[in-house]
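Worksheet: one structure, shown below.
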Amino acid sequence: MELSQLEVFLAVARERRFSRAAEKLFRTQSAVSQTIHKLEGELGEALLTAPRAKEFSPTQEKCFTSMRKSYSTCALRRRNR
């Protein structure tokens, strides 16, 4: 798992749409979709079963919270180098 994959997942989770997340990240929608697909393959579980849903499933919420914390920690460490 790479920091860039976490960034993409968090953007899609926040925006609830691949297209809006792609715009925010200055990437194509296809690149965002591929990143999510690769991450899901690495984790062995679907992370975004319904990206336009208004609420996360319990599993998605736990994953989002955990990844958000991990991303924040990694980003902070990267800045403090």
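The number of residues in the stretch 17-31 that are in a helix (DSSP H, G or I) and either under 22 Å from residue 72 (Cβ atoms) or at pLDDT 90 or above (or both) comes to 10. Quick one: would you say residue 14 is at pLDDT 80 or above and in a loop (DSSP other than H, G, I, E, B)? No; evaluated as a whole, the condition is false for this residue. May I ask you to verify whether residue 43 is touching a Phe, Trp or Tyr at 6+ places or on another chain (Cβ under 8 Å) and under 12 Å from residue 67 (Cβ atoms)? For residue 43, the condition - touching a Phe, Trp or Tyr at 6+ places or on another chain (Cβ under 8 Å) and under 12 Å from residue 67 (Cβ atoms) - is not met.
Among the residues of the stretch 37-67, not one is over 13 Å from residue 8 (Cβ atoms), at pLDDT 80 or above and touching a Leu at 6+ places or on another chain (Cβ under 8 Å). Put simply, of 5, 34 the only residue that is in contact with a Ser or Thr (Cβ under 8 Å, 6 or more places away or on another chain), at pLDDT 85 or above and surrounded by 12 or more Cβ atoms within 10 Å (Cβ to Cβ) is 5.
The values are calculated or read from the model by the stated rules, or taken from the named source; none is laboratory data. Because the structure is a prediction, the values reported are computed rather than measured. For neighbour counting, all protein chains shown are included, and Cβ atoms are generated from backbone atoms with ideal geometry for every residue, glycine included.
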